[in-house]
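Structure first, then comments.
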Amino acid sequence: MNKQSEILEEVFNNFLGESRIFKNREALRHDYIPDYLPHREEEIRMLGQILGPSLRGTLCSNILIYGKTGTGKTAVTKFVLKRLAEKADEINSPLRVSFVNCRLVGTEYRVLSALCSSIDVRVPFTGLALGEVFDRFKSALDSQKIVLVVALDEIDALIKDRGDILLYELTRINENLSQSKVSILGISNDLRFKDMLDPRVLSTLSEEEIIFKPYNAEELQDILEQRAKIAFKEDVSADVAIKLCSAIAAAEHGDARRALDLLRVAAELAEREGERTITEDHVYRAQKRIEHDRVVETLKSLPMHSKIVLLSIFLLSKSKAKGFMTGDIYNVYCELCKEMGVNPLTQRRVSGLINELDVIGLVNSRVVSLGRYGRSKKTTLGVPYSVIKEALFEDERMRNMVTYIPRYLNSIR
């Protein structure tokens, strides 16, 4: 066995042995749903009261839940839906629940496919017209004589990328059902989500609204202490790390996911070093690592046109200019769309995409004075070139465009 193999053998054997830190690593994942959710009693009660009538086979109000990332929206919804389904089984209620993450499934077809699966209807992974899938869903649903509660998580991701046509059809579905009923629960991370919706969709979807406020430092500390009891062994010292993780996350808009990720990665660093104490240094190192990973994941999950806009700004940045007008970005964007065989969006829509990229910190936009020529907006990259290349190379079409950059630069010089 050579030296490199020996190194790996030692690393693997360390992980195959009993962990010095963890007894349940999954408890620090943000998709882990504990039996108790601290500081969300009021939201749980409100959601339970709205959904409760469905246990009697009665149609309940549609609901719109929104708030910033990491405020417990998904956890509370899954918690309540799980208890709702258990109660329905207990009393033999004609109630079914379906939970779909719109960002993960990505398209209207796959959203409908997931809804079909929830009522035991199989549709091909691809190949059918969207209208055909929707008709199958309605037909099967009506034949089962049930009340279906549909939760659409991160619904804003679907609307931004695909529009609100599917949501419009779902909010009107009860008009075409005689034996069954559907209630829609939409969850959005974007506080401006309602501005994206057609007024007809908004009036139907947001019959009831629940707003989740960010956690403060004390609330985040309670959450981490609860999870730490489940995740760590009794002799692990994590009090200092928990306080620091809570303070960092509270300063960044009260994001519980952020706090959990910090504590988990810090604990993993301590575990690799054979420590039983999670220190402030572990937390600060975890913060640097997560920041890089979070930017890369955000870039990878962008819709196609947002990626092309970002690539256009990346391309222009190679010219060493200090900021680019929206018109310049749009010209390059159109050129890339042409090269990729994609129909370009309007300049107004591209300007909106630039604003969205600015909000999440991938670009920096500022309004500058042009003297007697008025004012204009200049945009620059907000993240390093290497991070953008690392993320865009995951997308084959974007990777091809990155290799196209030198040719395009030569053509505009």
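The values are calculated or read from the model by the stated rules, or taken from the named source; none is laboratory data. Remember, it's a predicted structure, so these values are computed and weren't measured experimentally. Cβ sites come from the backbone with ideal geometry, for glycine too, and all protein chains shown count toward neighbours.
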- Query: Residues in the range 151-169: is at least one touching a residue at least 40 places away in the same chain (Cβ under 8 Å) and over 27 Å from the mean Cα position of the chain (by Cα)?
  - Reply: no
- Query: For VAL265, are the conditions met, namely being within 30 Å of ALA241 (Cβ to Cβ) and touching a residue at least 60 places away in the same chain (Cβ under 8 Å)?
  - Reply: no
- Residues being of a type outside the set (A, V, I, L, M, F, W, C) and in a strand (DSSP E or B) - total across the range 150-171: 1
- Could you list, in sequence order, the residues of the range 229-243 that are assigned to a helix (DSSP H, G or I) and surrounded by 22 or more Cβ atoms within 10 Å (Cβ to Cβ)? ALA231, ALA241, ILE242
- Task: Quick one: in the range 273-296, of everything that is in contact (Cβ under 8 Å) with a residue 60 or more places away in the chain and part of a helix (DSSP H, G or I), which residue is surrounded by the most Cβ atoms within 10 Å (Cβ to Cβ)?
- Result: VAL295
- Task: Among the candidates ILE119, ILE146, ILE165, single out the residue that is buried (at least 16 other Cβ atoms within 10 Å of the Cβ) and either closer than 20 Å to SER206 by Cβ or in contact with a helix residue (DSSP H, G or I) (Cβ under 8 Å, 6 or more places away or on another chain) (or both).
- Result: ILE119
- Query: Has the range 93-107 got any residue that is over 21 Å from LEU167 (Cβ atoms) and in a strand (DSSP E or B)?
  - Reply: yes
- Given the conditions (1) buried (at least 17 other Cβ atoms within 10 Å of the Cβ); (2) free of Cβ contacts under 8 Å to residues at least 24 places away in the same chain; (3) within 24 Å of the chain's Cα centre (by Cα), and given that VAL309 satisfies all but one, which numbered condition is not satisfied? (2)
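Among residues belonging to the range 172-196 that are in a helix (DSSP H, G or I) and not aliphatic (A, V, I, L, M), point out the one that is nearest to ASN92 (Cα to Cα).
Taking the range 172-196 and keeping what is in a helix (DSSP H, G or I), we get 173-176, 193-196.
Going one step further and asking which of them are not aliphatic (A, V, I, L, M), we end up with 174-176, 193-195.
Details: ASN174: 23, GLU175: 26, ASN176: 26, PHE193: 37, LYS194: 36, ASP195: 40 Å.
By that ranking, first place goes to ASN174.
Quick one: which of ILE360, ILE354 is among the aliphatic types (A, V, I, L, M) and modelled with pLDDT of 85 or more?
ILE354
Go through the range 94-111 residue by residue and tally those that are of a type outside the set (S, T, N, Q) and either over 23 Å from THR58 (Cα atoms) or surrounded by fewer than 15 Cβ atoms within 10 Å (Cβ to Cβ) (or both).
Looking only at that region, the number is 9.
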- Message: I'd like to know if the range 153-171 contains one or more residues that are closer than 19 Å to GLU43 by Cβ, of a type outside the set (Asp, Glu) and assigned by TED's automatic domain parsing to the domain that holds LEU47.
- Response: yes
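So that you can scan it fast, the table gives a plain yes or no per residue for (1) under 24 Å from the mean Cα position of the chain (by Cα); (2) among the hydroxyl-bearing types (Ser, Thr, Tyr); (3) in the same structural domain as SER386 (by TED's automatic domain parsing):
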| position | (1), (2), (3) |
| --- | --- |
| GLY274 | no, no, no |
| THR279 | no, yes, no |
| GLY352 | yes, no, yes |
| VAL359 | yes, no, yes |
